[in-house]
Amino acid sequence: MTLKIISAEDVVFEGEVTSVTLPGAMGEFTVLRNHASLVSVLIPGNITYVSGGESVTTPVGGGIVDVDNNVVSVCIY
């Protein structure tokens, strides 16, 4: 699936991943391939994704995420 992490200043990451873990308002959740469509608010915490077998963690102050058709779009601040 494709992950796009975007801030007001820059594209933080765009590429293929196998999983994404996000700090949702109702708790941390993980998105895998073929996940149901959703939109969620993000709270301060870490986004962790696995790309090329390597786990990467990015701290965020909050934001929103949209999951649709194996594309995870995250707008952070």
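Kindly provide the set of residues from region 18-49 that are open to solvent by 60 Å² or more (accessible area, probe 1.4 Å) and touching an Asp or Glu at 6+ places or on another chain (Cβ under 8 Å), ordered by number. Within region 18-49, S37, V39 qualify. Of all residues in region 18-72, those satisfying the criterion of being among the small types (G, A, S) and in contact with a Pro (Cβ under 6 Å, 6 or more places away or on another chain) are G45, G61, G62.
Take the residues in region 1-37 that are without any contact (Cβ under 8 Å) to a residue 60 or more places away in the chain and of a type in the set (D, E, K, R); name whichever of them is farthest from Y77 (Cα to Cα). The selected residue is R33. Pick from region 1-17 the residues that are surrounded by 14 or more Cβ atoms within 10 Å (Cβ to Cβ) and not aliphatic (A, V, I, L, M): which of them is farthest from V39 (Cα to Cα)? Among those residues, the one meeting the criterion is F13.
Residues that are over 18 Å from G61 (Cα atoms) and not in a strand (DSSP E or B) do not occur anywhere in region 22-31.
The values are calculated or read from the model by the stated rules, or taken from the named source; none is laboratory data. All values reported here derive from a predicted model rather than from experimental measurement. Cβ atoms come from the backbone with ideal geometry, glycine included; neighbour counts cover every protein chain shown. What goes into the accessible areas is simple: the full protein's heavy atoms, side chains included, and nothing from ligands, DNA or RNA. Shrake-Rupley method; radii C 1.70, N 1.55, O 1.52, S 1.80 Å.
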